[in-house]
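One structure is given below, encoded as structure tokens.
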Amino acid sequence: MAALNACSALVTGANRGLGLEMVKQLLEAHCSKVFAACRDPDGPNSEVLRELARKHLGVVTLVKHDIADPSSIKESAEKVGSLLGEKGLNLLVNNAAILPQKTMLTATVEDMHNAFNTNVIGPLFVIREYLPYLRAAAKASGKPGMSSCKAAVINISTDSASMSMIPSMKDPFPFFPYSISKAGLNMLTVYTARDLKADEILCISIHPGWVRTDMGTNEATLDTRESVEGMLRVIGSLTEKESGGFVDYTGKTMPW
Ligand code: NDP
């Protein structure tokens, strides 16, 4: 993954599933600084991440934040900012999410609030709090145009955010709050691409495929390695042409 060589990157939800695999593969791609963000870096669910940080001392930094809590995102951004230096942050991956399993007829107010807080409002505040460092990276690059090793926001989305695919999904569809919140995340991608275009920061939504993680279950068709290899290949090849779009882990355009 030569395109990501020497980049700095921050991944949310980095302690397990796709986020953890992304940290591992960013290290294999020789990213210079990898900020692995999670809710509980000292807890039992972050042991693998702590081992990676010990092994890659000075490259991997564990960052504590709860993306459902804007004040903890702000604190984490201040900490990361103090470690970044003039080159800023090249790649921001909004990966953390929750999947409340409710239908349109069973979702509670709390299910809807939780899904929106974590899957839409969290990524929005992550982008806003880390924006100064993305802007610094875009300025420091000195290269024209857009690329993920210059400055990019990657929002991990899902095929169940695709409005045109919903009518063919199984009935009753059990991921209603998730699906609506991820459609909101896709709109955030479109706004981010538009509003940060002048800063030469690109933004895209990516569907990782159906992947064997706690969220994807063991029945899923892909392992994390294959999904993340595909996503990093796509991320490494992005230009301004793709900014504001929605693709899958193979690079295929997804229908909105
Ligand atoms: P997992 O459920 O395995 O992992 C979710 C991650 O998000 C965990 O690290 C979890 O941390 C973190 N997280 C959840 N809530 C918060 C919060 N409030 N603050 C900080 N971190 C939080 O999911 P996957 O790895 O499968 O999914 C990763 C991304 O891929 C998600 O955006 C998901 O929507 C998307 N996706 C996944 C698919 C799949 O088949 N797996 C299919 C389509 C999309 P903690 O351990 O603290 O709970």
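The values are calculated or read from the model by the stated rules, or taken from the named source; none is laboratory data. A quick note: this is a predicted structure, and the numbers were derived from the prediction, not measured. What goes into the accessible areas is simple: the full protein's heavy atoms, side chains included, and nothing from ligands, DNA or RNA. Shrake-Rupley method; radii C 1.70, N 1.55, O 1.52, S 1.80 Å.
Only Cα pairs under 8 Å and at least 6 apart count here; give the relative contact order of the chain as a rounded whole percent.
19 percent
How big is the Kirkwood radius of region 8-248, worked out from every pair of different alpha carbons and given in Å to one decimal?
On the way: mean 1/r = 0.0558 Å⁻¹.
Computed over Cα pairs of region 8-248, the Kirkwood hydrodynamic radius comes out at 17.9 Å.
Please list Asp69, Asp171 in order of solvent-accessible area, largest first, computed with a 1.4 Å probe with all protein chains present.
Asp171, Asp69
Percent antiparallel among DSSP beta bridges with both residues in region 8-248, to the nearest 5?
Working: 0 of 26 bridges.
Antiparallel: roughly 0 percent of the beta bridges in region 8-248.
Carbon and sulfur together cover what percent of the accessible area of region 8-248 at a 1.4 Å probe radius? Intermediate values should be presented prior to the final figure.
Details: 6160 of 11150 Å².
Roughly 55 percent, rounded to a whole number.
Heavy-atom accessible area of Arg225 with all protein chains present, probe 1.4 Å, nearest 10 Å²?
90 Å²
Leaving ligands, DNA and RNA out of it, rank Met169, Met231 by accessible area with a 1.4 Å probe, largest first. Each step should come with its number before you reach the end.
Working: Met169 50, Met231 0 Å².
Heavy-atom accessible area, descending, gives Met169, Met231.
I'd like the Karplus ³J(HN,Hα) series for region 199-209: coefficients 6.51, -1.76, 1.60, θ = phi - 60°, whole numbers in Hz, and an x wherever there's a Gly or Pro.
Along region 199-209, the couplings run 7, 6, 10, 9, 8, 8, 9, 10, 8, x, x Hz.
My understanding is that a pair violates if its Cα-Cα distance is over 29 Å; which of Lys79/Lys102; Lys55/Lys150; Lys64/Lys143; Lys74/Lys252 do that in this structure?
Exceeds cut-off: Lys79/Lys102; Lys64/Lys143; Lys74/Lys252.
Across 5 Å bins from the origin, how do the percents of Cα pairs in region 42-161 run, short distances first?
Each 5 Å bin holds this share of Cα pairs: 2, 10, 16, 18, 19, 16, 10, 6, 3, 1, 0.
222 nm [θ] for the chain, helices only, -39500 (n - 2.57) per DSSP H run of 4+, per residue, to 500?
Mean residue ellipticity, 222 nm, calculated: -12000 deg cm²/dmol.
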